[in-house]
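The values are calculated or read from the model by the stated rules, or taken from the named source; none is laboratory data. Predicted model only: the values in this text are computed from it and were never measured. Methodologically, a virtual Cβ is constructed for each residue, glycine included, from the backbone with ideal geometry; neighbour enumeration extends over all protein chains shown. Just so you know, the surface numbers come from the protein's heavy atoms only, side chains and all, with ligands and any DNA or RNA stripped out. Shrake-Rupley method; radii C 1.70, N 1.55, O 1.52, S 1.80 Å.
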Amino acid sequence: LKELDWQSRSKIIRCRHEFDRVEKSFFEKLRVEISKVERFYVHMEHELERITRELSKDSVRVLAPPSKSDRADVSHQEELVLLRRALRKRYVEHYLELVELQNFAELNNTAVEKILKKHDKNTGKVTRQEFLNAPEYRNLEFPRASKLRALRTEAESDF
């Protein structure tokens, strides 16, 4: 910068300020979009957790051994068969919802990584690892999806 005249230095400084402003805006927008993904993910995770608990309770009730009087009642036996089929269908649908949410989480985590990789490539900066390792990102639920994996395991063992 010492060899440049005052006007050239001034232009460079303005360009740096503009670049910093644009980069700050980029990261603000990225955080907003990540926040939207996180809110949706957490909402769906809670809903799927609630459904998992309901299915668990229903399976205990439907799969409990029938009493002597219920075993003799043919209509009760037919009702139990229908309830078990319905329960099995609900488990399959629920499991697919769990898989879909896990795919959503993985897809969005990959998208964030690729966006940051492209940013680094285009700017010549190295921000990807710093951003991904920051507590702000590491503490989000969707990149980890640990509760969701536990729900899947629980649904698999119950089914």
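Among the residues making up the stretch 1-14, those that are open to solvent by 90 Å² or more (accessible area, probe 1.4 Å) and closer than 20 Å to residue 124 by Cβ are 1, 11, 14.
Contact map, the stretch 120-143: residues that are open to solvent by 100 Å² or more (accessible area, probe 1.4 Å) paired with residues that are not polar (S, T, N, Q), Cβ distance under 7 Å, separation 6+ or inter-chain. Pairs shown: 126/120. In the stretch 17-50, of all residues being among the aliphatic types (A, V, I, L, M) and modelled with pLDDT of 95 or more, the one that is surrounded by the fewest Cβ atoms within 10 Å (Cβ to Cβ) corresponds to 32.
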